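J.: My questions all concern the structure below.
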2 protein chains.
Amino acid sequence: MSGGGAAMESSLLCAKQLLLCCLFLFLWALAAVAEAKTVHEQWDISYQFTHSDCVRKLAVTINGGTPGPTIRAVQGDTVVVTVKNLLMTENVAIHWHGIRQLGTPWADGTEGVTQCPILPGDTFEYRFVVDRPGTYMYHAHYGMQRSAGLNGMIVVAAAPGSADAEPFAYDGGEHEVLLNDWWHKSTYEQAAGLAAVPIVWVGEPQSLLINGRGRYNCSAMASDAAAACNATHPECAPQVFAVVPGRTYRFRIASVTSLSALNFEIEGHEMTVVETDGHYVKPFVVKNLNVYSGETYSVLIKADQDPNRNYWLASNVVSRKPGTPTGTAVLSYYGGRSSPRAPPPTAPPAGPAWNDSAYRINQSLATVAHPEHAHPPPPRADRTILLLNSQNKIDGRIKWAINNVSFTLPHTPYLVALKHGLLGAFDQRPPPETYNHTGYDVYGVQANPNATTSDGLYRLAFGSVVDVVLQNANMLAPNNSETHPWHLHGHDFWTLGFGVGRFDPAVHPATYNLRDPVMKNTVAVHPFGWTALRFRADNPGVWAFHCHIEAHFFMGMGVAFEEGIERVGDLPEEIRRCVSTKGGGH
Amino acid sequence: MSGGGAAMESSLLCAKQLLLCCLFLFLWALAAVAEAKTVHEQWDISYQFTHSDCVRKLAVTINGGTPGPTIRAVQGDTVVVTVKNLLMTENVAIHWHGIRQLGTPWADGTEGVTQCPILPGDTFEYRFVVDRPGTYMYHAHYGMQRSAGLNGMIVVAAAPGSADAEPFAYDGGEHEVLLNDWWHKSTYEQAAGLAAVPIVWVGEPQSLLINGRGRYNCSAMASDAAAACNATHPECAPQVFAVVPGRTYRFRIASVTSLSALNFEIEGHEMTVVETDGHYVKPFVVKNLNVYSGETYSVLIKADQDPNRNYWLASNVVSRKPGTPTGTAVLSYYGGRSSPRAPPPTAPPAGPAWNDSAYRINQSLATVAHPEHAHPPPPRADRTILLLNSQNKIDGRIKWAINNVSFTLPHTPYLVALKHGLLGAFDQRPPPETYNHTGYDVYGVQANPNATTSDGLYRLAFGSVVDVVLQNANMLAPNNSETHPWHLHGHDFWTLGFGVGRFDPAVHPATYNLRDPVMKNTVAVHPFGWTALRFRADNPGVWAFHCHIEAHFFMGMGVAFEEGIERVGDLPEEIRRCVSTKGGGH
C-alpha cells in the first residue's frame, strides 16, 4: 500500500510536472505569437580613450565602448535607438546596415542622403522595423566615424513559427564575431591625408580586431610611444569563445573593416556557411571564409576536436598585400584541460595566399540561395546600368570615379531636397548610364584618367527592375586592381554573376544565374572583374550604393538611387536641421 | 624781363603746384571722410597638416594656414567674413574678440550663446562694423578649435581726422606679433582628457609660437616620432622683424594662448606701452610685457641699438611653472652686417621669475587710460556681482565654478532662446549674485569643494551700471592659485582695481581708480587676488564673460549676461539651424 501510495504520489507528481510543463509551453507559444515588441536602446556617443589593440587611442564610442552593444531583436520588432551626441564639436549619423527601412527611409542614417547630421548636444531617435531574421550591423555613415569606433552588430531572430525560420539546427548556441581593422592615427588625420595633394594614403592597418580586441606588439614601438601601449590592458585581452564538446554552434560573422578584405578561419574546425546578409544559403563547407567589409555570414561549426587544447580564431588580410599581423581570438572547450585564456599551442592560421583572386571568386560563385528559401529573380531587367570603377585624378588629387564621375554628397540630404523640390540642392544632371566599354582595356593604365565631380543621382522608375553591372579595372598604377565590396542601401539584390575581365553586354547576361542567386546587400567586385546584380526599385526613398571601403567612398566611389519619392511620407523635422528654410544651396 | 618772365613763370608753376597740392589734399580729405568701406574676407576652414613648431600636426586652418590672415580695416568699416566650413564632420563658430557688435549681437560667433554652429558644407556670413581703432583678434569659440589653429589678428586703423587718432607717433611702421602656445596632442584628445575621470590634464605646451612659428627640438624626440619633425621646414623658420636704424616702430601684440600667461620681450629694446584692447594708455616703459590670453597691446620701440647684430623677440611662460622653452623670433636691422635670419649671438631672454605675482600686478596697476583719451566711468554701480573663482569637483570630475556653479553652454543659443521665448532651453534660475565671502579663506583648500552645474544666466537691466568683482582663491591642491584672464564679450569695461587676498565690499571699493581707469575687454585676475571692473549694460544681446584659458572655460569657468533682449532686431535664420522648431529642449 505504501508502495502503491508512493507510486500514485510519483504519478501525481509526474502529472503536475506535465501540467507545469504544458503551462510553460503554452506561455512560451503565447509570447512567441504575441504582438511584435519594441526594442529600446539608449546610446551616448562620446570620445573615450580605448585600448582596442593595447595601444591607447581616442575613439568615438557608444556608451563608452567600441564596438557598441549588439542590438538583439525578433523579426517584426520595432527597434528604437535614441542617440545622444555628446561629442564636443562633431556631428554623427548612424546607418543600420542591411535593414531595408521599408516605410522609414529617413531612418537609414546616411548623412547627405537621408538626413542632416546629429549636432553635438542633440538627441535623435532612429525608429525602424526589422522585418527579416538574420545577421546585420550598424555603423556611423558620416566622415570616417565608422573606423573611429562607431560600429556594432544587429542580430534578428526568426519569429517562432515564421516561414523565415532557419533551415538548419545548432544545439550549442550562438557566438558573434565582429571583424575590424584598426589604425593608430586618428581618422581626422587619415581623411586630411586622403584630401591632400599629393595624397597621403591611410596605409595598412596596425591591427586586426575581433570583437574590438587586437594585440599590437608593444615592444616594437619606440620608447616614448610605448608608454601608450599596455599589453596587459583588459580591453585588448583576446576574446575567448567557449564551446561544449560535441555540440554545434552558429557563429555570426560581420565585417566593419575600413579597408581590409579578410579571410576568417577557426583553426581545426570546418565551417558550414548557412547565411549571408540575412539570407539563407545552400550550405557549403569551407576551411576558411573570405569576408568583405559590409558583409555578414553565419557558419555552423561542430565542436568535435580535441577538447584539451585551444584553437585560434584568425583573421588575415587578403586582396591587398598584408602589412598587418593576423587578428586572433581563442576557441576553448568546456571541460578541457586547457585554460580558456591559454594561447593555442600552434601558430595562428595564415590564411590563403592574399593574391589568389580565383580562390575568392570561387566562394562568391558557391554562395547561392538555399533551395527552400530561394526568391527567384524577375526574368529580365527594365534598365541596365553599367558602372565602371576607376581610379582617377581631379585637380591633381587621386579620386575614385564611377563612369568617370567622382561622387560627392550634397549638403542638403537628397531625401529632403527631392521631397521638398529643392532643385538647387544638387546637380540635376543624371550621372552616365554606362561608359565607353567597347574595347575598354580593364587591364591597362588609362591614358587620360581625369574625371569630374558630381552629386547628381540616378532616378529609377518605381517598381522597375534594375540591373547594375559593376566593372572593375586597373588603377593608376600598372598591374593593380583591388576588391571593392559594394553595398546597396534600402534593398537586397540578386547576385546574378561574377566574371573576370571586361563585361560584354552582348555575351555575359546569358551566363547569369537566374535559378538560385542569393540575395545580399553587399557584394565583392573582384580584381579586374565584374559583378552583375539585379534589384527591384520598390522602396520609396533615396538610397546610397557605394564601395564599403571607407577611404574609397570618401574618394568618390559611390552613387545614389531615387525611387518613388512621391510615395515617401512626411519627413521628420529632425532630419532637416541643416537645410536652409530659404531653399537648399548647391 | 626775361628774368621777370622767368620769375613769373616760376611763380605760376608754383601756383600750379600749389593748386595741384590743394587738389590732392582735397581729394585725400574727401577719401578720408568718404563713406566707410566694406572689407571682404573669404575663408575656407579645413584640416591641414602644418609644421608650426617643425612637428607635423593636423590643424584647423583658414585658407590652408594657421594663424589665419590679419583682417585690416579702418574705423567705421564694415567687415564681412564669409566662412565656408570644409571640415568633414566638425562644426565651427568664430568670435571677433574685442569687437562689440553694436546692433549685431548675432555676429559675435559664440556657439551656444549667440549662434548655432556652422555645419560642414555650410557657408556663414559674419557682418559687423569695427567702430573703434585698435588691436583685436579673432578665434574659434567652439570646443577647443582656437587651440587647434583657428585664430588671427584684427587691426583697425583710426579714421583720418578722427578724435580717436593715436596720441603717439612712429615713423618706422607697424609689426604684428601673435603669441600662442602649441601642443602635439590633438585638441580632441585634450578635451577627452579634461572630461575623463580621473582628469587627464592638458599639461604644459610643447612650444610657444610667435606668428605661428616655433621650434621644437627634433633631436629630443624618439626615433619614430622624429620622422614627423623637420627642423628645416619653412613653416617653422622664425619670423624676422626688420627695422630701419633710428626709426620708431609700433608692435601690435595679441595673445591667443590656450593656457599660458606670457611675458614678451624684445631683447635690448625698451617698450613704451601705448594701447591695450583698443584703448590708448598713459605711456609707460617696460623692459618686458606680461600678456594674458585674450589681451592685446601696442608698444613703441626705437631701433636705436647696434644694427650689426640681431636681437631676440622672446615669449616666456609666467604664472605657471614653465615646462616649455622660450618662444622666439628675430629683430634685424636693415643695412646691418648681420644676416636677417642669423640667430642673435646671445641666449634668448628668460623673462622675469615665473612666480613673481607682484611684478605682474604692478603692470596691471600701471596700465591706466591716456589722459587725452580717458572715458571717465560712471561714479557708482547699480548692481554689484561678486564672482568667486574656485576649482571644484562634480561627480568626481574636476571643474571650475563661479560661486559654486560650473557653467555649461545650452544647446539652443541664449540669444535665440531669449528672443523667441524658449524657456525650456536653459535653466531659468539665475546663478548666485555673490558667495559667502565673510570669512572665506582664499588661501586655504576648501573643505567641501562640491559644486553644481548650470546654464542659467544673469539678466541685467538695460543701461544699468554693473560692477563685477572677480575673486581668485586657492585651488584643490594646497598653496596653488593661478592667473585667470577674464574676457567680456560685447563691451569694454573699466578696470577699477586689483588687490591681493579677499575682497571686502565694505573696504575695497573706496580704493577704486575712478579717475583714469583704462577700458579693456580682457583682464587678469591674479593669484589669490581680486579684480574689480565696471561696465554699462547698454548693448542689446547676450554676452559671454569667461576665463580665456580654453581648458578652464571648457571646465565651467564662465557666466553669461543678458541685456536689452527686447531691443534686439530679427535674428538671421542662419544662426538658428540647431534649434528645433518644436521649441528648445533643455
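Where a number appears in this text, it was derived from the coordinates with a stated rule and is not lab data. Please read these numbers as outputs of a predicted model, since none were measured by experiment. In this analysis, Cβ positions are derived from the backbone assuming ideal geometry, glycine residues included, and neighbour counts consider all displayed protein chains.
J.: What do you get for the angle between helix A:2-33 and the principal long axis of chain A? Use alpha-carbon atoms, 0 to 90 degrees, nearest ten.
T.: 10 degrees
J.: Here's another thing I want to ask about it. Put +1 on the Cβ of every Lys and Arg and -1 on every Asp and Glu Cβ in chain A; which of A:Phe251, A:Phe545, A:Phe462 then has its Cα farthest towards the positive end of the dipole?
T.: Going by the charge dipole, the pick is A:Phe251.
J.: Pull out a ≥ b ≥ c, the square roots of the eigenvalues of the alpha-carbon gyration tensor of the stretch B:85-208, then state rounded if a/c is under 1.5, prolate if not and a/b is larger than b/c, and oblate in the remaining case. Kindly include the intermediate steps, with their values, before the conclusion.
T.: Working: a/c = 2.68, a/b = 1.53, b/c = 1.74.
Since a/c reaches 1.5 but b/c is at least a/b, the shape of the stretch B:85-208 is classed as oblate.
J.: Follow-up question, since we're still on this one. Between B:Glu176 and residues 5 or more places away or on another chain, which pairs have amide H atoms under 5 Å apart, with H built 1.01 Å from N, and which residues are they?
T.: Counting only residues 5 or more places away or on other chains, the set is B:Arg252.
J.: Still on this structure: Just check the stretch A:418-553 against the gyration tensor rule for me: Cα atoms, a ≥ b ≥ c as the square roots of the eigenvalues, rounded for a/c under 1.5, and otherwise prolate or oblate depending on whether a/b exceeds b/c. Intermediate results must be reported in sequence, preceding the final value.
T.: Details: a/c = 1.78, a/b = 1.18, b/c = 1.51.
Judged from the Cα gyration tensor, the stretch A:418-553 comes out oblate (a/c at least 1.5, b/c at or above a/b).
J.: I'd like the FRET efficiency for B:Ala350 and B:Val80, computed as 1/(1 + (r/R0)^6) with the beta carbon distance as r and R0 of 35 Å, rounded to 0.05. Walk me through the intermediate numbers first.
T.: On the way: r = 44 Å, r/R0 = 1.25.
FRET efficiency, B:Ala350 to B:Val80: 0.20.
J.: How well do other chains shield peptide B:82-90, expressed as the mean number of their Cβ atoms within 10 Å of each residue Cβ?
T.: On the way: counts 0, 0, 0, 1, 1, 6, 13, 18, 8.
Average per residue, whole number: 5.
J.: Setting aside same-chain residues fewer than 8 positions from A:Lys84, which lysines have a Cα under 16 Å from its Cα?
T.: none
J.: In peptide A:568-579, what is the residue-averaged number of other protein chain Cβ atoms found within 10 Å of each Cβ? Walk me through the numbers before you get to the answer.
T.: On the way: counts 0, 0, 0, 0, 0, 3, 2, 0, 2, 8, 6, 1.
Counting other chains' Cβ atoms within 10 Å and averaging over A:568-579 gives 2.
J.: Which three extents, in whole angstrom, do the alpha-carbon atoms of the stretch B:334-410 cover along their principal axes, largest first?
T.: Result, largest extent first: 60, 47, 30 Å.
J.: Sticking with this structure for a sec: If we count every other residue with Cβ under 11 angstrom of B:Ile118's Cβ, Lys/Arg +1 and Asp/Glu -1, where does the sum land? Walk me through the numbers on the way to the answer.
T.: On the way: positive: B:Lys84, B:Arg577; negative: B:Glu90, B:Glu111, B:Asp122, B:Glu125, B:Glu574.
So the environment of B:Ile118 carries a net charge of -3.
J.: For chain A, taking Cα atoms only, what is the radius of gyration to one decimal and the Dmax to the nearest whole Å?
T.: Radius of gyration, then largest Cα-Cα span, for chain A: 24.9, 102 Å.
J.: Determine, for B:Ser293, A:Ser319, A:Ser219, the number of other Cβ atoms within 10 Å of each Cβ, and report the residues in order from fewest to most. Mind showing how you got there, number by number?
T.: Values: B:Ser293 30, A:Ser319 24, A:Ser219 8.
With the sparsest Cβ surroundings first, the list reads A:Ser219, A:Ser319, B:Ser293.
J.: Further, regarding this structure: Which far-off residues, 5 or more places away or on another chain, put their amide H under 5 Å from the one on A:Asp538, with H placed in the peptide plane?
T.: A:Gly463
J.: I need to check one value: relative contact order of the stretch B:444-586, counting alpha carbon pairs closer than 8 Å and at least 6 residues apart, in percent. Spell out each step's value before the answer.
T.: Numbers: 247 pairs, mean separation 44.3, N = 143.
Dividing the mean separation by the residue count of the stretch B:444-586 yields 31 percent.
J.: With θ taken as phi - 60° and the coefficients 6.51, -1.76 and 1.60, list the Karplus ³J(HN,Hα) couplings across the stretch B:175-188 in order, rounded to whole Hz; mark glycine and proline as x.
T.: Values per residue, Gly and Pro as x: 10, 10, 10, 9, 9, 8, 10, 8, 10, 7, 6, 5, 5, 5 Hz.
J.: Continuing with this model, one more query. Return the sequence-ordered ³J(HN,Hα) values of the stretch A:257-272 in whole Hz as given by the Karplus equation 6.51 cos²θ - 1.76 cosθ + 1.60 applied to θ = phi - 60°, using x for Gly and Pro.
T.: 3, 7, 10, 7, 7, 10, 10, 10, 9, 10, 3, x, 10, 5, 10, 9
J.: If you don't mind, there's one more thing I want to ask. Counting Lys +1, Arg +1, Asp -1, Glu -1, what net charge surrounds A:Ala314 among other residues with beta carbon under 9 Å of its beta carbon?
T.: On the way: positive: none; negative: A:Glu265, A:Glu267.
The answer is -2.
J.: Quick check on the protein assembly as shown: take the gyration tensor over C-alpha atoms, sort the square-rooted eigenvalues as a ≥ b ≥ c, and tell me if it's rounded (a/c under 1.5), prolate or oblate.
T.: Numbers: a/c = 2.08, a/b = 1.72, b/c = 1.21.
Verdict is prolate for the protein assembly as shown.
J.: Let me ask something additional. How long, wide and thick is the stretch A:174-370, going by the Cα atoms along their three principal axes, in whole angstroms, largest first?
T.: For the stretch A:174-370, the Cα extents along the three principal axes come out at 54, 40, 26 Å.
J.: Magnitude of the Cβ-charge dipole of the stretch A:35-157, K/R +1 and D/E -1, about the Cα centre, nearest 20 debye? Show your work: numbers first, answer last.
T.: Working: 9 positive and 11 negative charges, 52 e Å.
Charge dipole of the stretch A:35-157: 240 debye, to the nearest 20.
J.: Determine the dipole magnitude for the stretch A:174-370: charges of +1 sit on the beta-carbon of Lys and Arg, -1 on that of Asp and Glu, nothing else is charged, the reference point is the Cα centre, and the result goes in debye to the nearest 20. Don't skip to the answer; put the middle values down first.
T.: Details: 15 positive and 16 negative charges, 62 e Å.
My answer is approximately 300 debye.
J.: For peptide A:213-222, how many partner chain Cβ atoms fall within 10 Å of a residue's Cβ, on average?
T.: Values: counts 0, 0, 0, 0, 0, 0, 0, 1, 2, 7.
Counting other chains' Cβ atoms within 10 Å and averaging over A:213-222 gives 1.
J.: From the backbone phi of the stretch A:523-534, what are the Karplus-calculated ³J(HN,Hα) couplings (6.51 cos²θ - 1.76 cosθ + 1.60, θ = phi - 60°) in whole Hz, Gly and Pro given as x?
T.: Each residue of the stretch A:523-534 in turn: 9, 7, 9, 7, x, 6, x, 9, 9, 10, 9, 9 Hz.
J.: In Å, what Kirkwood hydrodynamic radius results for the stretch B:35-157 from the alpha-carbon pair distances? Don't skip to the end; give the middle numbers.
T.: Details: mean 1/r = 0.0689 Å⁻¹.
Final number for the Kirkwood radius of the stretch B:35-157 is 14.5 Å.
J.: What ranking of B:Ile99, A:Ile62, A:Ile565 emerges when the number of other C-beta atoms within 10 Å of each C-beta is taken as an exposure proxy, fewest first? Mind dumping the intermediate values first?
T.: Working: B:Ile99 29, A:Ile62 25, A:Ile565 18.
Lowest to highest Cβ neighbour count: A:Ile565, A:Ile62, B:Ile99.
J.: Another question about this same structure. List the lysines whose Cα lies under 23 Å from the Cα of A:Lys419, skipping any in the same chain that are fewer than 8 positions away.
T.: A:Lys582, B:Lys582
J.: I've got another one for you. Calculate how steeply helix B:357-366 sits against the longest principal axis of the alpha-carbon atoms of chain B, using the helix alpha-carbon long axis, and give the answer as 0 to 90 degrees to the nearest 10.
T.: Between helix and principal axis, roughly 50 degrees.
J.: Counting only residues 5 or more places away or on other chains, whose amide H sits under 5 Å from the amide H of A:Lys282 once H atoms are built in the peptide plane?
T.: Under 5 Å from the amide H of A:Lys282 lie the amide H atoms of A:Val368, A:Ala369, A:His370, each far enough along the sequence or on another chain.
J.: Shifting gears a bit: Ranked highest first by average number of other Cβ atoms within 10 Å, how do A:412-421, A:187-196 line up? All intermediate terms of the calculation are to be shown ahead of the outcome.
T.: Working: A:412-421: 22.3, A:187-196: 20.7.
Ranking the peptides A:412-421, A:187-196 by packing returns A:412-421, A:187-196.
J.: Moving on. Name the lysines eligible as straight-distance cross-link partners of A:Lys282: C-alpha to C-alpha under 23 Å, and not fewer than 8 places from it in the same chain.
T.: Output for A:Lys282: A:Lys302, A:Lys520.
J.: Continuing with this model, one more query. Whole Å is fine, so just give me how far the alpha carbon centre of the stretch A:64-112 lies from that of the stretch A:514-586.
T.: 16 Å
J.: List A:Asp382, A:Asp171 from most exposed to least, where exposure is judged by having the fewest other Cβ atoms within 10 Å. Write out the running numbers ahead of the final one.
T.: Working: A:Asp382 14, A:Asp171 10.
Going from sparsest to densest Cβ surroundings: A:Asp171, A:Asp382.
J.: Quick check on packing: order B:522-532, B:41-51 by the mean number of other C-beta atoms within 10 Å, highest mean leading.
T.: Packing order, densest peptide first, comes out as B:522-532, B:41-51.
J.: First select every other residue whose beta carbon is under 13 angstrom from the beta carbon of A:Asn404; then total the charges, Lys and Arg +1, Asp and Glu -1.
T.: Details: positive: A:Lys393, A:Lys399; negative: A:Glu433.
Every neighbour counted, the sum reads +1.
J.: Under a Cβ-only charge scheme (Lys and Arg +1, Asp and Glu -1), can you give me the dipole magnitude of chain B about the Cα centre, in debye to the nearest 20? Can you show the working numbers first?
T.: On the way: 42 positive and 51 negative charges, 107 e Å.
The calculation lands at about 520 debye.
J.: For the protein assembly as shown, with the dipole built from +1 on Lys and Arg beta-carbon atoms and -1 on Asp and Glu ones, taken about the Cα centre, which of B:Met137, B:Val81, A:Pro105 lies farthest toward the positive end?
T.: Toward the positive end, the furthest listed residue is B:Met137.
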